[in-house]
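Engineer: Before we start, here is the structure in question, set down as structure tokens.
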Amino acid sequence: MAQQQTAGPPATGHADLAGEFLDRQTPLSRIRNILHRYPALSPAIVLLVAVVVFGLLNDRFLRFENLSLITQQVSVVGTLAIAQTLIILTAGIDLSVGAVMILSSMVVAQLAVGSGIPGPLALLAGLVVGLGAGALNGFLVTRFKLPPFIVTLGTLNIFIAVTLLYSGGSTVRGSSMPGLLTWTGSTFPLGPVRISTGVIMMLLLYGAVAFILGKTAWGRHVYAVGDDKEAARLAGIPVNRVLMSVYLAAGAVLAMGAWLQIGRTNAASPNAGVDLNLDSITAVVIGGTSLFGGRGSVWGSLLGALIVGVFRNGLSLAGLDVLYQTLAVGVLIILAVSIDQWIRKVKS
Amino acid sequence: MTATEMQPSGTAVRQPILQARNLVKTFGRVVGLDGVSLDLYPGEVLAVIGDNGAGKSTLIKCLTGAEVPDSGELKVSGQAVHFKRPQDARAHGIETVYQNLAVSPALDVASNLFLGREERLAGPLGKLFRVLDTKGMRRKAKEELTRLGISTLQDVTVPVENLSGGQRQAVAVARAAAFGSKVVVLDEPTAALGVRESNQVLQLVRDLRDRGLPVILISHNMPHVFDVADRIHVQRLGKCAATITPQSHSMTDAVAIMTGAATA
Ligand SMILES: Nc1ncnc2c1ncn2[C@@H]1O[C@H](COP(=O)(O)OP(=O)(O)O)[C@@H](O)[C@H]1O
Ligand SMILES: [Mg+2]
């Protein structure tokens, strides 16, 4: 009896207190706590430093046309990164984002050009494709309890094959499409400069998703499910319904990405965007969202996409071989994941 | 003296708030619960004791919708219920602190308190855009913690993962105490706590009872159990070995029943 009373528990209580006491002490752990609380902070710092350094290296870098070019270059991958963030926040991963986007863009283009369906209806069909793909991924993840990595590896191949079968492997040129489809590639004047419509649409989408994630119960449940699925279930959150809705939302975002892709490339090509899957994951990871789920933000992913764009652009302006861009992105990914691991140690 | 006829001292025949009959729960070949019955009466603290693996956690999971029993009946205030998920039990006013602490580490204290029942802003922002009333929930969380006498949690915006084990426990207990309108169930709430924190939780259990809320308390700690319990359900090898009271039996007796060295 007496053993039961005095064993273990009080001692662990003290160890906890001591650990916490030490944690509060060092400046390093204070930094860690701040980074932990604001996951978009470290990518923001990296982006700022990169912009300053590349600006000093080459005075063409900071010109408005160049900065505008960078944002246009990241608009499609930035949009895919929104979908990817939603899924990674639930501790999943989506290898099929690029394939879904290409499939959606091919359906939109073929319907509009091949079948002569009006632009808005064709876009609606693209949205249905995105939602259908999301529903398939979500169904397999929630119903059969398959790991998202495996599910989306499978659907990635399926969507690629379906795209090629459906399109016959041929590209649809933008000039043959209704104007609405390529409108996302247009620019409009704002004072002395020209702004890209696609970039504005991407930013609006970021704002909308950030709002939903941060201000609604659904957003909070997305974080809770990614954080600890069982705890979320016991707290009364319908875990499978949340997961399903996340995959559907991702599908809708990807349909939007398809529209941006058509405008940006002024075409719909079944062979485009083979790198987009991994690039979207890269943006999310560099943006400070944890691959373990439950921690991160969409704004971080925008910063991540911008960081990749800035490095690519800055290094090429500096006259370095394109291989160095790839090298730099690789280093950034490993750096970002290491920082995430370090930050997560706050959990003690 | 048979187990099921015991009632809180000084009460006439009263209707149990929670009533379980012959609950069976198996996990593959493992029998977690082998026909367990339990009654919880208004205003009492019912302790559940038993060795590791005796089925205490499985029992309360079946009572609170976290597990669905293979067979058996469950009644709340005399009415048959079939809980399929935790929110079903919550809807009946049954709040639970599970042994593995169902808190979300990355969310802050206030978000955890309101997890799964967030409150929206009044007006169009809340109705149309479903915007959460974050400020209001933080204020209420603070009020609730103060009311419950949990003083260690001043800042409700701290992520739960930054808290000590005792503080996390306090968050989980506070959530159950704040929202439980009929029954509060606590699975080993003092297991990870120091002496002072344990006493706080025990005081909270007494406070809940004094407010009229019946409590089911699972614990390994005999002094704690004999300190607060009105009745004690002894679980052994998936069955209810006996239901005793601190008056009718000593701690040594209870341990003997628990380990099978004696019967009630
Ligand atoms: N999810 C599960 N899967 C398989 N076996 C389980 C599960 N939950 C509990 N058990 C088994 O059921 C028995 C009772 O466990 P539990 O209720 O956790 O005991 P206690 O809480 O009294 O320590 C144990 O043998 C345990 O291994
Ligand atoms: Mg247990």
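The values are calculated or read from the model by the stated rules, or taken from the named source; none is laboratory data. This is a predicted model, so every value here is computed, not measured. No Cβ is skipped: glycine too gets one built from the backbone with ideal geometry, and neighbour counts run over all protein chains shown.
Engineer: Going by the conditions given, is A:Ala217 among the aliphatic types (A, V, I, L, M), within 14 Å of chain B (Cβ to nearest Cβ) and surrounded by 24 or more Cβ atoms within 10 Å (Cβ to Cβ)?
Structural biologist: The answer is no for A:Ala217.
Engineer: Return yes when B:Glu119 is touching a helix residue (DSSP H, G or I) at 6+ places or on another chain (Cβ under 8 Å), of a type in the set (D, E, K, R), at the interface with chain A (Cβ under 10 Å from one of its Cβ atoms) and surrounded by 19 or more Cβ atoms within 10 Å (Cβ to Cβ) and no when it is not.
Structural biologist: no
Engineer: In region B:37-50, how many are within 14 Å of another protein chain (Cβ to nearest Cβ) and within 10 Å of ligand 2 (Cβ to nearest atom)?
Structural biologist: Result for region B:37-50: 1.
Engineer: What number goes with the only condition from (1) more than 9 Å from every other protein chain (Cβ to nearest Cβ); (2) surrounded by fewer than 20 Cβ atoms within 10 Å (Cβ to Cβ) that B:Val131 does not pass?
Structural biologist: Here B:Val131 meets the rest and fails (1).
Engineer: Continuing with this model, one more query. Would you confirm, using the coordinates I've provided, whether B:Glu95 is over 29 Å from B:Val171 (Cβ atoms) and more than 16 Å from ligand 1 (Cβ to nearest atom)?
Structural biologist: Here the answer is no, as B:Glu95 does not meet what is asked.
Engineer: Turning to a different aspect of this structure: In region B:26-50, how many are within 12 Å of ligand 1 (Cβ to nearest atom) and in contact with a Ser or Thr (Cβ under 7 Å, 6 or more places away or on another chain)?
Structural biologist: The total comes to 3.
Engineer: Step by step: first the residues of region B:91-100, then only those that are buried (at least 23 other Cβ atoms within 10 Å of the Cβ) and within 9 Å of another protein chain (Cβ to nearest Cβ), then the one that is modelled with the lowest pLDDT. Which residue is that?
Structural biologist: That would be B:Tyr98.
Engineer: Let me ask another. Counting residues that are of a type in the set (S, T, N, Q) and under 20 Å from A:Ile87 (Cα atoms), which helices (runs of 4 or more DSSP H) fully inside region A:113-206 reach at least 1?
Structural biologist: Once the helices (runs of 4 or more DSSP H) in region A:113-206 are filtered for at least 1 residues that are of a type in the set (S, T, N, Q) and under 20 Å from A:Ile87 (Cα atoms), what remains is A:119-143, A:148-167.
Engineer: Please specify each residue of region B:170-192 satisfying the condition of being more than 16 Å from ligand 2 (Cβ to nearest atom) and either charged (D, E, K, R) or without any contact (Cβ under 8 Å) to a residue 40 or more places away in the chain (or both).
Structural biologist: Within region B:170-192, B:Ala170, B:Arg175, B:Lys182 qualify.
Engineer: If the Cβ limit is 7 Å and pairs must be 6+ apart or interchain, which residue in region A:51-77 that is free of Cβ contacts under 8 Å to residues at least 40 places away in the same chain pairs with which residue that is in a helix (DSSP H, G or I)?
Structural biologist: So the pair list comes out as A:Leu62/A:Gly55.
Engineer: If we only count strands (runs of 3 or more DSSP E) wholly inside region B:188-264, which ones have 1 or more residues that are over 16 Å from the mean Cα position of the chain (by Cα)?
Structural biologist: Of the strands (runs of 3 or more DSSP E) lying wholly inside region B:188-264, those with at least 1 residues that are over 16 Å from the mean Cα position of the chain (by Cα) span B:231-236, B:239-244.
Engineer: Within region B:11-25, can one find any residue that is more than 16 Å from ligand 1 (Cβ to nearest atom), in a loop (DSSP other than H, G, I, E, B) and surrounded by 16 or more Cβ atoms within 10 Å (Cβ to Cβ)?
Structural biologist: Yes, that holds for at least one residue.
Engineer: For region A:1-105, which helices (runs of 4 or more DSSP H) that fit wholly inside it have 3 or more residues that are at pLDDT 90 or above?
Structural biologist: Correct list: A:41-57, A:64-89.
Engineer: Taking into account only those residues within region A:180-203 that are more than 19 Å from A:Val253 (Cβ to Cβ) and touching a Ser or Thr at 6+ places or on another chain (Cβ under 9 Å), which is surrounded by the fewest Cβ atoms within 10 Å (Cβ to Cβ)?
Structural biologist: Filtering first and then ranking leaves A:Phe188.
Engineer: Across region A:279-303, what is the number of residues that are of a type in the set (Val, Ile, Thr) and closer than 20 Å to A:Gly214 by Cβ?
Structural biologist: Residues flagged as of a type in the set (Val, Ile, Thr) and closer than 20 Å to A:Gly214 by Cβ within region A:279-303 amount to 3.
Engineer: Could I ask something else about it? Within region B:51-85, take every residue that is within 15 Å of B:Asp187 (Cα to Cα) and more than 9 Å from ligand 1 (Cβ to nearest atom) and give me the one that is nearest to the other protein chains (Cβ to nearest Cβ).
Structural biologist: Only one residue fits best here, namely B:Ala66.
Engineer: Pick from region B:189-215 the residues that are within 16 Å of ligand 1 (Cβ to nearest atom) and facing chain A (nearest Cβ under 10 Å): which of them is farthest from B:Thr259 (Cα to Cα)?
Structural biologist: The extreme case among them is B:Ala192.
Engineer: Follow-up question, since we're still on this one. Is there a residue being away from ligand 1 (no atom under 16 Å from the Cβ), touching a residue at least 24 places away in the same chain (Cβ under 8 Å) and under 12 Å from B:Val97 (Cα atoms) anywhere in region B:216-227?
Structural biologist: no
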